[in-house]
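The values are calculated or read from the model by the stated rules, or taken from the named source; none is laboratory data. These figures come from a predicted structure and were not determined experimentally. Positions of Cβ are backbone-derived with ideal geometry, glycine not excepted, and every protein chain shown enters the neighbour counts. Ligands, DNA and RNA are stripped out before the accessible areas are found, and what is left, the full protein with its side chains, is counted by its heavy atoms. Shrake-Rupley method; radii C 1.70, N 1.55, O 1.52, S 1.80 Å.
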Amino acid sequence: MNKQIGRLAKNALVYGVGQVLSRIISLLLLPVFTAYLSPADYGVSSILSLVAFVLVPIFSLGLGTALGVCYFDNKDAEHRSSVVWTALVLSLISVTLLISVSSFFTSQISLIVLQDVRYMDLVLVSILSVSCNILVTPLMQYLQFEERVKTFVVLTIATSLLTISLSFVMVVNLQYGVHGFIEAQAIGSFLTLVLFAVPFLSRQTPRVSVAIAKELLRHGVPLIPSFAFGFILLQSNRYILQWLFGLNEVGIYTIGF
């Protein structure tokens, strides 16, 4: 038991390095970005992040949790490869539906979440970013399940630094404002998807199983309501703040948070 606890603690520490580094750099760059982005810009970015918090739990189909259950159900390498491939295909079908529906209702979504149709282009960019984040989840979990710690950490740090660098260039150098900030996040999400796909696609032959798909959905879909209520508990405060006081107040709150 002590050996397993030690292994768990070590992996948790190592896997957290990339996220910690990314957040420290973001914090250090905050005075730079606040010189180029207004509180309202931060408000727009914050509200659009709520779109991700809503869409990811729904359109990821609970696969982030179900994948581990099905993956370790069998030690056979082909079975485990099929689980990841099947989860990836299910995610691809889901995000295709998400993008298709969203492209028809972009203005309505912008009006609902930002109370203004002027941001419909940013809404679509954010949804594309969300789609990449959904697709990359099975690939990231694959590296974790296979305990390829070094590869995972290197890719996490690299993609974090790349996204932050893109944000800096587009906001500070090119002065694209909040559009540059959101677009840099989307490009970073796409590059993250590409980089995490390489270690998996280079080693695994495509294997998709209907039986495994049913099992993944059986474990994952029932969790969607809990994720939705978790969003309400943890994230709805920003939307309420916007509804009552506007984007400036949301931006100030976001910077403080």
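Summary table
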item	result
Test: residue in the range 247-255 that is open to solvent by less than 80 Å² (accessible area, probe 1.4 Å) and at positive phi	no
Candidates Ile93, Ile112, filtered to the one that is within 24 Å of His179 (Cβ to Cβ) and surrounded by fewer than 18 Cβ atoms within 10 Å (Cβ to Cβ)	Ile112
Pairs, first more than 20 Å from Glu146 (Cα to Cα) in the range 203-222, second of a type in the set (S, T, N, Q) and open to solvent by 60 Å² or more (accessible area, probe 1.4 Å), C-beta under 8 Å, six or more apart	His219/Thr65; Gly220/Thr65
Set Val83, Val130: member being under 15 Å from Ser189 (Cα atoms), crowded, with 21+ Cβ neighbours inside 10 Å and in contact (Cβ under 8 Å) with a residue 60 or more places away in the chain	Val130
Residue list for the range 138-184, filter: of a type in the set (S, T, N, Q) and over 19 Å from Val17 (Cβ atoms)	Ser167, Asn173, Gln175
Residue pairs meeting the criteria (Cβ under 9 Å; at least 6 apart or on separate chains; first open to solvent by 60 Å² or more (accessible area, probe 1.4 Å), in the range 1-20; second hydroxyl-bearing (Ser, Thr, Tyr))	Val17/Thr156; Gln19/Thr156; Gln19/Ser160
Segments classed as helices (runs of 4 or more DSSP H), wholly inside the range 1-108, with at least 1 members that are among the charged types (D, E, K, R) and out of contact with any Lys or Arg (no Cβ under 9 Å at 6 or more places or on another chain)	2-36, 39-59, 77-104
Residues (touching a helix residue (DSSP H, G or I) at 6+ places or on another chain (Cβ under 7 Å), open to solvent by 30 Å² or more (accessible area, probe 1.4 Å) and of a type outside the set (A, V, I, L, M, F, W, C)) located in the range 169-180	Gln175, Tyr176, His179
Matching entry among Leu139, Leu166, Leu155, Leu161 (being open to solvent by 70 Å² or more (accessible area, probe 1.4 Å), touching a residue at least 12 places away in the same chain (Cβ under 8 Å) and under 21 Å from the mean Cα position of the chain (by Cα))	Leu161
Search result, residues across the range 102-119 that are over 23 Å from Leu244 (Cβ atoms) and over 19 Å from the mean Cα position of the chain (by Cα)	Ser103, Phe104, Phe105, Thr106, Ser107
Conditions (1) open to solvent by less than 40 Å² (accessible area, probe 1.4 Å); (2) at pLDDT 95 or above; (3) not β-branched (Val, Ile, Thr); number of the one not met by Phe190	(1)
